[in-house]
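Contents: one structure, followed by commentary.
Please treat every number below as a calculation from the coordinates, not as lab data. Everything numeric here is computed off the predicted structure, so don't read it as measured data. Heads up, the Cβs are rebuilt from the backbone with ideal geometry, glycines too, and the neighbour counts pull from every protein chain shown.
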Amino acid sequence: MTAGIRVGVLGARGRMGQEVVNAVNGADDMDLVAELDAGDDLSALKQAQVVVDFTHPDAVMDNLEFLTANGIHAVVGTTGFSGERLEKLRSWLAADPSLGVLIAPNFALGAVLAMRFAQQAARFYNSAEVIELHHNRKADAPSGTAAHTARLIGEARAEAGLSPGEDATTSEVDGARGALVDDVRVHSVRLPGLVAHEEILFGGEGETLTIRHDSLHRTSFMPGVLLGVRSVLTRPGLTVGLENILDL
Ligand SMILES: NC(=O)C1=CN([C@@H]2O[C@H](COP(=O)(O)OP(=O)(O)OC[C@H]3O[C@@H](n4cnc5c(N)ncnc54)[C@H](O)[C@@H]3O)[C@@H](O)[C@H]2O)C=CC1
Ligand SMILES: O=C(O)C1=N[C@H](C(=O)O)C[C@H](O)C1
């Protein structure tokens, strides 16, 4: 019998971490070698080839500094990555050209497709808004997925030479028009009962286009996470977005 990929999980007692532990245990080609949560000694991760991180935006950079310094590949679902954070990570990776890190704002296939469809639609519409809806235990707003979607729309608009559509609002209760991410309005809803949902709305002459994705259970993220674990071993450097691995 061939040995499986040795996988460690950071955030193993969290909502996502528990699912990852189950998914790795159910994968024939992987061996779970470490399950860590807040306060645990990171040195237990040294036996892992790949570590999956679903922790907290405040914790993930320290974790990545440890992993890259110890030659351990990483698959990261934790949100909160700014351009500055990505640059820092690239500088850590530069010290070991064989090492791979995959960061994906969303590991669900449908969410990745929704982002790609929104990117394709963006050059045809000046006006676009994003509504993301999540469970009320979520720490960050807007969601990483919504911020990434807005960024893709902003880039596609800029490439097409479009400017944001007209908005006649002159009087506003603070926040009523959402947050501006790359000139795209993003609205965040938090309710118990929800898991992870996103709507991308485009408006044009006499028509609207709505793209919607719903994660109804956290198992929806697992095929993407396992694919990431298998792929990162042979993808040196930093990869941002599962779309790069799905070859979309
Ligand atoms: N990329 C994706 O597809 C998805 C990303 N997420 C993101 O994953 C992150 C975690 O989400 P949830 O699991 O819902 O949160 P959660 O709060 O249920 O779990 C986070 C876990 O990480 C632990 N933790 C915190 N700091 C730690 C540290 N320094 N070392 C080890 N463990 C630590 C916490 O104790 C907790 O058990 C969030 O940023 C969320 O937005 C969530 C779902 C899907
Ligand atoms: O916190 C969550 O739950 C999720 N976080 C990610 C995000 O912020 O986009 C991915 C997904 O939406 C679930």
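Here are some notes:
- Expressed in units of 2.2 N^0.38 Å, where N is the residue count, the Cα radius of gyration of region 1-146 is 1.15.
- Remark: I200, I211 ranked as I211, I200, counting other beta-carbon atoms within 10 Å and listing the fewest first.
- Cα-based helix-to-principal-axis angle, 60-69 vs the chain, degrees rounded to 10: 40 degrees
- Proxy reagent accessibility, fewest Cβ within 10 Å first, across I103, I131: I131, I103
- Among M222, M115, a tally of other beta-carbon atoms within 10 Å of each Cβ gives an order, fewest to most, of M222, M115.
- Solvent-free Debye calculation, one equal scatterer per alpha-carbon of region 144-190: log10 I(q)/I(0) at 0.18, 0.22, 0.24 Å⁻¹ equals -0.62, -0.84, -0.94.
- Stokes-Einstein diffusion coefficient of the chain, Kirkwood radius over Cα pairs, 10 °C, 1.306 mPa s, in µm²/s: 84 µm²/s
- A convex hull fitted to the Cα coordinates of region 1-86 yields 88 cubic angstrom per residue.
- The chain - charge dipole about Cα centre, Lys and Arg +1 at Cβ, Asp and Glu -1, debye rounded to 20: 400 debye
- Nearest-ten-degree value, helix 15-25 long axis tilted from longest Cα axis of the chain: 50 degrees
- When you count the other C-beta atoms within 10 angstrom of each residue and take the mean per peptide, 52-64, 155-167, 184-196 line up highest first as 52-64, 184-196, 155-167.
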